[in-house]
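Right, one structure below, let's go through it.
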Amino acid sequence: MQAWKLVALATALISLASCGQKSQDTVCSNTSGQNIVGGTNVDSSDPIAASTVALVFDVQTAEGSGQALCTGTLVAKDIVMTAAHCVDGAVDGGVIFATDAQNAGQSDLRVITAVDVNPDYAADASTNRNDIALVKFTGDVPAGYKIAKLATSKTKAQDGDEVVLAGYGA
C-alpha cells in the first residue's frame, strides 16, 4: 500500500467529515416505500451493514476537482459494485468499511486499485443507462463484513415484494 495514497485518502475523509452533516455520511435504510431520505441510521450489527460500504474519491472533471462519497455493495472478497456515475472522473479513491464514514479510521480504509465501468454505460442525466461499475481494492475484508447475496433469475423481486435500500447520503 502506497503511503501517499493513504495520506490522500485520509485527507479526503477529513474533508468529507468537515463539509456535511453526520446524517449525510451514515448508512441509512428504509423499508417504508419512501426515498432513502428519512431513512434510519443503521447499527453496525444490522445485516444490511455487513455488505454496504462507502466509497470516497478524488474527482477531476471539466467543472473542477473535489471529493465524492458514494455507496457500494461488497460482491467479492476484493470487489465492490457501485454506480458508474460515482466513479466518473475518479482519480484516486478508497473503500470505507464503517457505518459512519465521518468517524472511520485508517483500519477501516482500503485503497482502490482498479475501476471497471460497464462499457454500455451512458452518462445521460435523464436515464443513466447501465449505470454500474466494479471497484477492486487492496487488503482484507474486515471481520463482520460479508459478500452480498445477489438476486438471480430465481430470486428476482416480484410486484409487491418489500426491499430494503441502504446508502450513505441524505
Just to be sure, is Val95 of a type in the set (Val, Ile, Thr), within 15 Å of Thr113 (Cα to Cα) and surrounded by 20 or more Cβ atoms within 10 Å (Cβ to Cβ)?
yes
Could you pull out the residue among Lys136, Lys146 that is without any contact (Cβ under 8 Å) to a residue 60 or more places away in the chain, closer than 16 Å to Val75 by Cα and not aromatic (Phe, Trp, Tyr)?
Lys136
Selection from the stretch 128-170 of residues charged (D, E, K, R) and under 15 Å from the mean Cα position of the chain (by Cα) yields Asp131, Lys136, Lys146
Sole miss for Ser65 among (1) crowded, with 17+ Cβ neighbours inside 10 Å; (2) small (Gly, Ala, Ser); (3) in a strand (DSSP E or B) is condition (1)
Among the residues of the stretch 109-160, write down those that are among the aliphatic types (A, V, I, L, M) and more than 23 Å from Ile48 (Cα to Cα).
Ala114, Val115, Val117, Ala122, Ala123, Ala125
What strands (runs of 3 or more DSSP E), lying completely within the stretch 91-170, carry at least 3 residues that are under 25 Å from Gly64 (Cα atoms)?
109-117, 133-137
Among the residues of the stretch 69-88, which ones are under 15 Å from Val56 (Cβ atoms) and either among the aliphatic types (A, V, I, L, M) or surrounded by fewer than 17 Cβ atoms within 10 Å (Cβ to Cβ) (or both)?
Leu69, Val80, Ala83, Val87
Exactly one condition in (1) open to solvent by 40 Å² or more (accessible area, probe 1.4 Å); (2) farther than 28 Å from Thr40 by Cβ; (3) modelled with pLDDT under 80 is false for Asn128; which is it?
(2)
Listed by first then second residue, the pairs whose first member lies in the stretch 60-83 and is over 28 Å from Ile48 (Cβ atoms), whose partner is outside any strand (DSSP E or B), with beta carbons under 7 Å and at least 6 positions apart or on separate chains, are Gln60/Gly89; Thr61/Gly89
Checked against (1) modelled with pLDDT under 85; (2) surrounded by 20 or more Cβ atoms within 10 Å (Cβ to Cβ); (3) in a strand (DSSP E or B), Gln60 satisfies every condition except (2)
Ser29, sole failed condition from (1) in a strand (DSSP E or B); (2) at pLDDT below 50; (3) open to solvent by 60 Å² or more (accessible area, probe 1.4 Å); (4) not acidic (Asp, Glu)
(3)
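The values are calculated or read from the model by the stated rules, or taken from the named source; none is laboratory data. Fair warning: this is a prediction, and the values are worked out from it, not measured in the lab. Please note: Cβ atoms are built from the backbone with ideal geometry, for glycine as well, and neighbour counts cover all protein chains shown. For accessibility, only protein heavy atoms count, side chains too; no ligands or nucleic acids. Shrake-Rupley method; radii C 1.70, N 1.55, O 1.52, S 1.80 Å.
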